[in-house]
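Structure first, commentary second.
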Amino acid sequence: HTSQEAHTHPSRQMLNAFNAVSEEESLFRVPPWANPYLLGSVILSVGQHLLVLAVPALQEAFGVAWLGKAEWAVVLLLCLPVVVLEEVLKGAAR
């Protein structure tokens, strides 16, 4: 795995969790903070992810490296289609 792949999967899953707040309503109508438990768990998960990325001993243990701005941009671009696709599917179902 490349570092980008290691970062893309958890990031995509966090965005997908936000999409799961409502099976029918748009993420823009039912925001992530509508479910404080989900929001808290995502914040905790992202915090752990960032901790692994920021601490050199953890970077070595997990075989990851901090990404530069361009690499983070790629991660975001690879994750955004999850949100767009889910919004399209929710819209089609309504």
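The values are calculated or read from the model by the stated rules, or taken from the named source; none is laboratory data. Nothing here was measured: the structure is a model prediction, and the numbers come from that model. Please note: Cβ atoms are built from the backbone with ideal geometry, for glycine as well, and neighbour counts cover all protein chains shown. Remember, those area values only see protein heavy atoms, side chains included, never the ligands or the DNA or RNA. Shrake-Rupley method; radii C 1.70, N 1.55, O 1.52, S 1.80 Å.
Exactly one condition in (1) touching a residue at least 12 places away in the same chain (Cβ under 8 Å); (2) open to solvent by 40 Å² or more (accessible area, probe 1.4 Å) is false for G91; which is it?
With (1) touching a residue at least 12 places away in the same chain (Cβ under 8 Å); (2) open to solvent by 40 Å² or more (accessible area, probe 1.4 Å) applied to G91, the lone miss is (2).
What is the residue count in segment 53-71 for residues that are within 30 Å of V21 (Cβ to Cβ) and out of contact with any helix residue (DSSP H, G or I) (no Cβ under 8 Å at 6 or more places or on another chain)?
Within segment 53-71, residues that are within 30 Å of V21 (Cβ to Cβ) and out of contact with any helix residue (DSSP H, G or I) (no Cβ under 8 Å at 6 or more places or on another chain) number 2.
Please give the number of the condition F62 fails out of (1) open to solvent by 60 Å² or more (accessible area, probe 1.4 Å); (2) touching a Lys or Arg at 6+ places or on another chain (Cβ under 6 Å).
Just one mismatch for F62, condition (2).
Report yes if some residue within segment 41-53 is modelled with pLDDT under 90 and farther than 28 Å from E87 by Cα; otherwise report no.
Looking for residues that are modelled with pLDDT under 90 and farther than 28 Å from E87 by Cα, one finds at least one in segment 41-53, hence yes.
For every residue, the table says whether it meets (1) assigned to a helix (DSSP H, G or I); (2) touching an Asp or Glu at 6+ places or on another chain (Cβ under 9 Å); (3) surrounded by fewer than 15 Cβ atoms within 10 Å (Cβ to Cβ).
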{"position": "E25", "(1), (2), (3)": "no, no, yes"}
{"position": "S45", "(1), (2), (3)": "yes, no, yes"}
{"position": "Q48", "(1), (2), (3)": "yes, no, yes"}
{"position": "L67", "(1), (2), (3)": "no, no, no"}
{"position": "A70", "(1), (2), (3)": "yes, no, yes"}
{"position": "V84", "(1), (2), (3)": "yes, no, yes"}
